[in-house]
Amino acid sequence: MMDVFARAPKAADPASARSALKQLDDSGLVAAYLDGEKRAFGELVERYQTRLLNFVYRTTGDRERAEDLVQETFIRVYRHLHRFDQSKKFSTWIYTIASNLAKNELRNRSRNPLVLFQTIKKNWDADARPLEWEDNTYRPDDLFRKRHLKSMVENTVDQLPEHHRTVFILREMEGKTYEEIADITGANLGTVKSRLNRARNNFAQLIAPLLD
Amino acid sequence: MTSCERFLAGYSAFRDDALPWEERVEMEVHLDECPSCARYDRVVSRGADVFRELPQLELSEDFAARLQHRIYTEDLEAARARNASRSATALATMGVAAAIAAAAWVPLVRYYADGEAPRQAAASTVPFAARLAAWDGPAHREAGRVTSQLVRLGVAVTELPYHDLVFKKDGPLVATVAAYTEGDVLAR
Ligand SMILES: [Zn+2]
């Protein structure tokens, strides 16, 4: 009788092989995979699946599609890993793939976001400007603010134009460096810096009435 | 440029600690002296904190199984392509697939129903799905057993590399056992 699965593991014990993989950093996993240790791909999936899901979800605002796009990201990694330049950072590469897929998704659908903040929209790309002092006419009451702060912040980020939103998420949520953001978005360093400053300024304009 | 304009223009770099020391000090001093810019800094910081603390989405339960199925399809395509280049006649008999999806994994079941896999293999593997669903031991052991059944049927089984890709010992059983034939046994 032929048990094809008996001859798979390199290490004697699959559990210890898996925990050995967990000790490796990303580039170690990529090298192990290319060296024939196929389980290394599973470890990369484990490592990135939830992070990417949240990144893509925050970028596209669509939970269902986010999962499909993360699947697609892994398939592309699987397909092209043998061509990945191992001198580069794996995390930057996989975020680049996910980010491009998210961007295409947004391009392919007409977004119909809840328009909460119409007044600001014309000024997205203007230079950073100071906050208006409190305008009590539009200021939500404390109970409303407390109850809705999280969803308002979520909506606020969703309101940002895509090229602002992506850099904002990559910096504030993912903690990427300017250089990594430039690689991931394909923009140059100066553009990343100015987009990030504008994104933060717009974010502040939108969120200020809720926060103090 | 007023000092407030300078502050706002350089704010992002200040927040990311990317300013030269002298400029950083200049910003700190302005922050101390200007209530408007201090408020700006407070709003961005607190807003970003709230944003970071938003609940994280979790993957749906069938995420791993769906990914595994797609990878399986990728491998199958690659194997087909390899075989096609190896021999033209192999093309007709290649791609005979036999797989078991554990725990009511509908897409794969449908995959069989579409008739893409040989009836013999599909028929022989369906009862194993129920067994796999109840199985909480090492996935590869049960997989090996199923594979043996396929071998008995005359299917030349080739190992695919991801049989334990997402196997979780304590979680729901999501392992997918997949094998494909390289010969023409089932075509007889
Ligand atoms: Zn100021």
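Tabulated data for the structure shown
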{"read-out": "Criterion (more than 30 Å from A:Phe168 (Cα to Cα), within 12 Å of chain B (Cβ to nearest Cβ) and at pLDDT 90 or above) met by exactly one of A:Ala40, A:Ala15", "value": "A:Ala40"}
{"read-out": "Yes/no for A:Glu174 being surrounded by 12 or more Cβ atoms within 10 Å (Cβ to Cβ) and either at pLDDT 90 or above or in the same structural domain as A:Lys193 (by TED's automatic domain parsing) (or both)", "value": "yes"}
{"read-out": "In region B:28-39, the residues that are closer than 8 Å to B:Phe7 by Cβ and under 45 Å from the mean Cα position of the chain (by Cα)", "value": "B:Cys37"}
{"read-out": "Count of region A:34-73 residues which are assigned to a helix (DSSP H, G or I), among the basic types (Lys, Arg) and surrounded by fewer than 22 Cβ atoms within 10 Å (Cβ to Cβ)", "value": "4"}
{"read-out": "Scan of region B:1-34 for residues that are of a type in the set (A, V, I, L, M) and under 19 Å from A:Arg129 (Cβ atoms), ordered by number", "value": "B:Met1, B:Leu8, B:Ala9, B:Ala13, B:Met27, B:Leu31"}
{"read-out": "Odd one out for A:Thr60 among (1) at pLDDT 95 or above; (2) in contact with an Asp or Glu (Cβ under 9 Å, 6 or more places away or on another chain); (3) β-branched (Val, Ile, Thr)", "value": "(1)"}
{"read-out": "Region B:26-46 residues that are not assigned by TED's automatic domain parsing to the domain that holds B:Phe14, paired with ones that are within 12 Å of the ligand (Cβ to nearest atom) (beta carbon under 8 Å, 6 or more apart)", "value": "none"}
{"read-out": "Region B:18-39, subset within 22 Å of A:Arg171 (Cβ to Cβ) and within 11 Å of chain A (Cβ to nearest Cβ), residue nearest to the ligand (Cβ to nearest atom)", "value": "B:Cys37"}
{"read-out": "B:Ala65 vs. criteria buried (at least 16 other Cβ atoms within 10 Å of the Cβ), in a helix (DSSP H, G or I) and touching a residue at least 24 places away in the same chain (Cβ under 8 Å)", "value": "yes"}
{"read-out": "Test for A:Glu154: is it facing chain B (nearest Cβ under 7 Å) and in a helix (DSSP H, G or I)", "value": "yes"}
{"read-out": "Residues located in region B:1-22, provided they are within 19 Å of A:Thr177 (Cβ to Cβ) and either touching a residue at least 60 places away in the same chain (Cβ under 8 Å) or surrounded by 12 or more Cβ atoms within 10 Å (Cβ to Cβ) (or both)", "value": "B:Gly10, B:Tyr11, B:Ser12, B:Ala13, B:Phe14, B:Arg15, B:Asp16, B:Ala18, B:Leu19"}
{"read-out": "Hey, B:Ala65 more than 16 Å from the ligand (Cβ to nearest atom), modelled with pLDDT of 95 or more and either of a type outside the set (D, E, K, R) or touching a helix residue (DSSP H, G or I) at 6+ places or on another chain (Cβ under 6 Å) (or both) or not", "value": "no"}
{"read-out": "Set A:His82, A:His164: member being buried (at least 16 other Cβ atoms within 10 Å of the Cβ), modelled with pLDDT of 90 or more and in a helix (DSSP H, G or I)", "value": "A:His164"}
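The values are calculated or read from the model by the stated rules, or taken from the named source; none is laboratory data. Keep in mind that this is a model prediction, so the values were computed, not measured. Heads up, the Cβs are rebuilt from the backbone with ideal geometry, glycines too, and the neighbour counts pull from every protein chain shown.
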